[in-house]
Amino acid sequence: MEDRQIVELYWSREETAVTESSAKYGGYCYAIAFRILCGREDAEECVNDTWLRAWNAMPPRRPERLDTFFGRLTRNLSLDRWRSLRAAKRTPDQTALALEELAECAAPGGVEETLDAAALTASLDRFLASLPREKRVLFLRRYWYLCSVRDIAAQTGRKEAAVAAALFRLRNQLRAHLEKEGFAL
């Protein structure tokens, strides 16, 4: 089913909107949640919560890109769940490691709060647009999808050390970019 048809189902308050969303984007959303939470049950619950959030957001919101809309909802819900699990000391720290790496580049107040700011989002968009495709994909795999360095190395056929070094250089580039635009420490 086409994305615009799925959106129309949400606007018409048809329950099949959730079924169609799950059929088309369930795997994508589950992959995002699982990478952050590292647990099947928690990931499945976040994906189910994604459909509820989408149901409540449409109307009045009409997303331009449904995959991005669902991905962002899932990621935000998963990070919220991760924070609560981390407070209970039950979560592996792959997510913490990726967020700490980015925190070195972000303004005071923590990367979680600043990533949602409109000005910072625009600056990050400009930074990502300036990167060659390979570097942009590497950056997004690590810091959006929160893949481990080992997983990225396996996916790209590179050595872990090479991936870690490339990510280090990308963070330095990001820091310089943010400083230039007035965001960095």
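Bear in mind these aren't lab numbers, they're just calculated from the coordinates by the rules spelled out. These numbers were taken from a predicted model, which means no experiment stands behind them. Glycine also receives a Cβ, built like all others from the backbone with ideal geometry; neighbour counts cover every protein chain displayed.
A compact table of results
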read-out	value
Residue-span extension gain [Q155 to R72] - 0.36 nm each, minus C-alpha spacing	27.6 nm
Scaled radius of gyration (Cα, divided by 2.2 N^0.38 Å) that the range 3-87 gives	1.05
Calculated FRET value between A122 and R62, using beta carbons and R₀ = 30 Å, to 0.05	0.90
Modelled FRET efficiency - R0 30 Å, W144 with E2, Cβ distances, 0.05 increments	0.75
Cα-based reach from K24 at 12 Å (exclusive), listing aspartates and glutamates while leaving out same-chain residues under 8 positions away	E2, D3, D67
Simple label model, 7 Å out from Cα along Cβ direction - F168 to R13, nm	5.7
Peptides ranked, highest mean first, by Cβ atoms within 10 Å: ranges 30-43, 160-173	30-43, 160-173
